[in-house]
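What follows is a single structure, written as structure tokens, with notes after it.
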Amino acid sequence: MDGYQGLTALIESAWEELNGSDAGRRDLCLDVVSDVLETGRLTPVDAGRVVERLVTVALSDEGYPVRESALHAVCTASTHYELPYRVVEPLAVGADGFEPLLLDYVLAILGSTHDQAALPIVERFLHHPHPEVRKEAAEAVNELRWSHRPRQPSSSGARP
């Protein structure tokens, strides 16, 4: 088994554990998935599939620690892969249902897509009652707006 097959085998094993009823073990298996994503060695297609599954867990699991671990893993993926907005869009649709601490993850994930479709969703949270959520929303808005700006040529005329 090569290194890539080993990584995908770890993820498959974690998905099997996720089907169990022990919330603690389910939480730990998501940590394994996060660790694999952190390597940055998955193909973009495989990473997208993993993130889609994590998004489903974050939206559907009843246990807070499991949902937090799923969102943490998606955040990890967003730092190592370019996640298309369509992959994380269900988080935007379900954003109002997240507790403030989990909403911080969701906003960071949406901001990392650099997709302007996320902007109206993120801007709604600029007036959230929790200051941490407002702060994360402001950072995500800045990231989305910054990524939309055209790059300015350098003053020397040289290309970077």
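Distance between the 7 Å Cα→Cβ label points at THR8 and HIS128: 3.6 nm. First select every other residue whose beta carbon is under 14 angstrom from the beta carbon of GLN5; then total the charges, Lys and Arg +1, Asp and Glu -1. So the environment of GLN5 carries a net charge of -2.
All C-alpha to C-alpha distances of the stretch 93-139, sorted into 5 Å bins beginning at zero, yield P(r) values of 5, 26, 40, 23, 6, 0 percent in whole numbers. Shape annotation for the stretch 1-125: C-alpha extents along the principal axes are 46, 30, 16 Å, from largest to smallest. Taking the accessible area of the chain, probe 1.4 Å, and keeping the other protein chains in place, the carbon and sulfur fraction comes to 52%.
Give, as a single signed number, the net charge of other residues whose beta carbon lies under 13 Å from the beta carbon of ARG134, with Lys and Arg counted +1 and Asp and Glu -1. Before the final figure, lay out the partial values.
Values: positive: ARG124, LYS135; negative: ASP104, GLU123, GLU132, GLU136, GLU139.
Around ARG134, the surrounding residues sum to -3.
Packing, as the average of other Cβ atoms within 10 Å across residues, places the peptides 24-37, 122-135, 67-80 in the order 67-80, 24-37, 122-135, highest first. Cα centroids of the stretch 109-125 and the stretch 3-73: 23 Å apart.
In Å², what does the accessible area per residue of the stretch 6-160 work out to with a 1.4 Å probe?
Numbers: 8650 Å² over 155 residues.
Using a 1.4 Å probe on heavy atoms only, each residue of the stretch 6-160 averages 56 Å².
The HN-Hα couplings worked out from phi for the stretch 98-107 by the Karplus form 6.51 cos²θ - 1.76 cosθ + 1.60 (θ = phi - 60°) are 8, 5, x, 5, 6, 4, 4, 4, 4, 5 Hz, whole numbers, x standing for Gly and Pro. Computed over the chain, relative contact order equals 16 percent, with contacts defined as Cα pairs under 8 Å that lie 6+ residues apart.
The values are calculated or read from the model by the stated rules, or taken from the named source; none is laboratory data. Keep in mind it's a predicted model, so treat the numbers as computed, not measured. Don't worry about glycine lacking a Cβ; one is built from the backbone with ideal geometry, like all the others, and counts go over all protein chains shown. Quick note on the areas: whole protein, heavy atoms, side chains included, nothing else; ligands and nucleic acids left out. Shrake-Rupley method; radii C 1.70, N 1.55, O 1.52, S 1.80 Å.
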